1. List the trypsin sites (Lys or Arg not before Pro) in the range 56-146 that DSSP assigns to loop (not H, G, I, E or B) and whose Cβ has at most 16 other Cβ atoms within 10 Å. Which are they?
2. With the Cα gyration tensor of the range 104-167 giving a ≥ b ≥ c as the square roots of its eigenvalues, does the rule (a/c under 1.5 for rounded; else a/b larger than b/c for prolate; else oblate) give rounded, prolate or oblate?
3. Taking θ = phi - 60°, what integer Hz values does the Karplus form 6.51 cos²θ - 1.76 cosθ + 1.60 yield along the range 144-155, in sequence order, with x for Gly and Pro?
4. Which shape class, rounded, prolate or oblate, goes with the range 72-185 when its Cα gyration tensor gives a ≥ b ≥ c as root eigenvalues, a/c under 1.5 marks rounded, and past that a/b bigger than b/c marks prolate?
5. Give me ARG4, ARG70, ARG50 ranked fewest to most by other Cβ atoms within 10 Å of their Cβ, as a rough exposure proxy.
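Each reported figure results from applying straightforward, stated rules to the coordinates on display, with no laboratory input. Everything numeric here is computed off the predicted structure, so don't read it as measured data. Methodologically, a virtual Cβ is constructed for each residue, glycine included, from the backbone with ideal geometry; neighbour enumeration extends over all protein chains shown.
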Amino acid sequence: MSDRERKRAERQKRKRRTAERVASPNGDGATATTTEAPEAETFQEKMSRRYEERNAEARAKLEPLERGERPRAVTIGAVVSTVLAVTISVQGVLSLLGVGAGEATTRPAPLILFAGVLWAMAVGMWRARYWAVLGFQTVLLLMMLASAFGLVVVNSLLQAVGTTLLLLGSGALFYFMVRAMARIQMPSSPDA
């Protein structure tokens, strides 16, 4: 079967399903007969209905997390958040003690505050909390934007490779966390 014939068959199958759904709103197989003419569905209503059907299918495929389970992407995010929190905490403590890197001086308060936020996200992601994953995705988004803008002003090949790897890594982690967030948000099973 060619690609064109397959697409045509899928389109006809969808039309039949839609017609059956409209013809039998109660699911009993009886055809609904009304005296008034059916209203034409607008393009926006049609697209809204299609997207809602796709969302329902995607939700049906998701499985809720078992008790104590944590998606792999969230575990990786927790580890990355912990590494960043340790690094920034050390930098904040060193700047608090007055140890600097060259002539540049850094204020310790913002570093310690950001390290505290990263520690909270690391603990929250380790416990598979939705708010922590959402917060870490915000950090990943900022990292992606900074690395994309950083690619514009690179000075060496090594800097370009590092910035590209940062962009790809944060983008991939962001992508895989979306599905994990959907599973975290699902209600738990009744036996949990």
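1. Values: sites: ARG59, LYS61, ARG67, ARG72, ARG127, ARG129; in loops: ARG67, ARG127, ARG129.
Taking the range 56-146 and a limit of 16 other Cβ atoms within 10 Å, the loop trypsin sites (Lys or Arg not before Pro) found are ARG67, ARG127, ARG129.
2. Values: a/c = 3.05, a/b = 1.53, b/c = 1.99.
Taking the square roots of the gyration eigenvalues as a ≥ b ≥ c, the range 104-167 is oblate.
3. Per residue, the Karplus-derived 3J(HN,Hα) values read 5, 5, 5, 6, 5, 5, x, 5, 6, 10, 5, 10 Hz.
4. Working: a/c = 2.70, a/b = 1.23, b/c = 2.20.
Judged from the Cα gyration tensor, the range 72-185 comes out oblate (a/c at least 1.5, b/c at or above a/b).
5. Details: ARG4 8, ARG70 18, ARG50 12.
Fewest-to-most ranking of ARG4, ARG70, ARG50: ARG4, ARG50, ARG70.
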